[in-house]
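Worksheet: the structure to be examined is printed underneath.
The values are calculated or read from the model by the stated rules, or taken from the named source; none is laboratory data. Since this is a predicted model, take the numbers as computed values, not measurements. In this analysis, Cβ positions are derived from the backbone assuming ideal geometry, glycine residues included, and neighbour counts consider all displayed protein chains. The area values use the complete protein model at the heavy-atom level, side chains included, leaving out ligands, DNA and RNA. Shrake-Rupley method; radii C 1.70, N 1.55, O 1.52, S 1.80 Å.
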Amino acid sequence: MMLDTLDQELDLAITASIKAGKLLIDNRYELNNEISISTKDIKLKADVSSESLIKKILTSNSAYPVLAEESGKSKEDLGETFWVVDPLDGTANYNRDIPICCVSIGLVHKMEPLVGVIYDFNNNDLYVGDCSKNISTLNNKEINVSKLKQKKEAILITGLPHGTDYSDEALNKMVTDMQSWKKVRMIGSAAMACCYVASGKAELYKENGIFFWDIIAGAAIVNSAGGSAEISNLQENYQVDVIFSNAQL
């Protein structure tokens, strides 16, 4: 679908992501305080503060509602077109000062990505994908997926999200698959994994039970970079299974 205001919406997402990233960098000491913690997950003041800033910018300048990680839906009926916000993807990395985390903002129509913006604020790297133009960029320079076709030459990125099945059967299946790849990486940020596939740093990212807001901006960036972003098994809580690739494997 083409939206008359898509360029303006994309510029808005870029502005919001950069401002949120600056907030997270400039106020790291203050924001790196735990609000809640479980055996496999952590929430920081950073998540809430970044989301509040992003939502303020989006709702003040866009007609579309917002689905955000921390606060959920901005209205009960999101309609066909809405924003999807992950204010800090890689919270545990941010908490431990591991520089693999980012701000992720996507706009979807009928659950399909229109545009996506991911700001890797630690490295001042801005990834942008525009599905209407099939162009993805890193700091305004066009990026494309790699051309590798064989697993034995390729890099797989995966993860173990909250709720992962740790049964012997599930883990044995995972290990068997991992053995067919040249290298395997677990980096702690689904959104950054998408960016690495889109820019040819890795060939495939897959994960089950990840959340929609973790990957939808990345889906726009991967698709627009010539890759394939498969999203399946959508649950009521917005968990999904994903396989994002260079479309060659």
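The figures follow:
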quantity: Any pair with Cβ under 8 angstrom, 6 or more apart, that starts in the stretch 168-185 at a residue that is within 15 Å of L148 (Cβ to Cβ) and ends at one that is loosely packed, with under 12 Cβ neighbours inside 10 Å; calculated: S180/K152; W181/K152; K182/K152
quantity: Any chance L67 is modelled with pLDDT of 95 or more, assigned to a strand (DSSP E or B) and either of a type in the set (A, V, I, L, M) or open to solvent by less than 60 Å² (accessible area, probe 1.4 Å) (or both); calculated: yes
quantity: Filter result for A219 (within 15 Å of the chain's Cα centre (by Cα), open to solvent by 10 Å² or more (accessible area, probe 1.4 Å) and either under 15 Å from I100 (Cβ atoms) or hydrophobic (A, V, I, L, M, F, W, C) (or both)); calculated: no
quantity: One residue from N144, N172, N140 being exposed (fewer than 12 other Cβ atoms within 10 Å of the Cβ) and closer than 29 Å to L88 by Cβ; calculated: N140
quantity: Residues of the stretch 176-196 that turn out to be under 26 Å from I42 (Cα atoms) and of a type in the set (V, I, T), as a count; calculated: 2
quantity: Of all residues making up the stretch 1-42, the number that are farther than 30 Å from D130 by Cα, in contact with an Asp or Glu (Cβ under 9 Å, 6 or more places away or on another chain) and either open to solvent by less than 70 Å² (accessible area, probe 1.4 Å) or at pLDDT 95 or above (or both); calculated: 4
quantity: Residue check for S52: in contact with a strand residue (DSSP E or B) (Cβ under 7 Å, 6 or more places away or on another chain) and polar (S, T, N, Q); calculated: no
quantity: Subset of the stretch 187-207 [more than 19 Å from N123 (Cα to Cα) and either hydrophobic (A, V, I, L, M, F, W, C) or buried (at least 20 other Cβ atoms within 10 Å of the Cβ) (or both)]; calculated: E203, L204, Y205, E207
quantity: Residue under evaluation I54, criteria (1) outside any loop (DSSP other than H, G, I, E, B); (2) at pLDDT below 95, criterion not met; calculated: (2)
quantity: Qualifying residue in the stretch 92-100 (condition: within 20 Å of A219 (Cα to Cα) and either under 17 Å from the mean Cα position of the chain (by Cα) or not charged (D, E, K, R) (or both)); calculated: yes
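Conditions tested, residue by residue: (1) at positive phi; (2) assigned to a helix (DSSP H, G or I); (3) among the acidic types (D, E).
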residue: G163; (1), (2), (3): yes, no, no
residue: M174; (1), (2), (3): no, yes, no
residue: S180; (1), (2), (3): no, no, no
residue: I187; (1), (2), (3): no, no, no
residue: A191; (1), (2), (3): no, yes, no
residue: G200; (1), (2), (3): yes, no, no
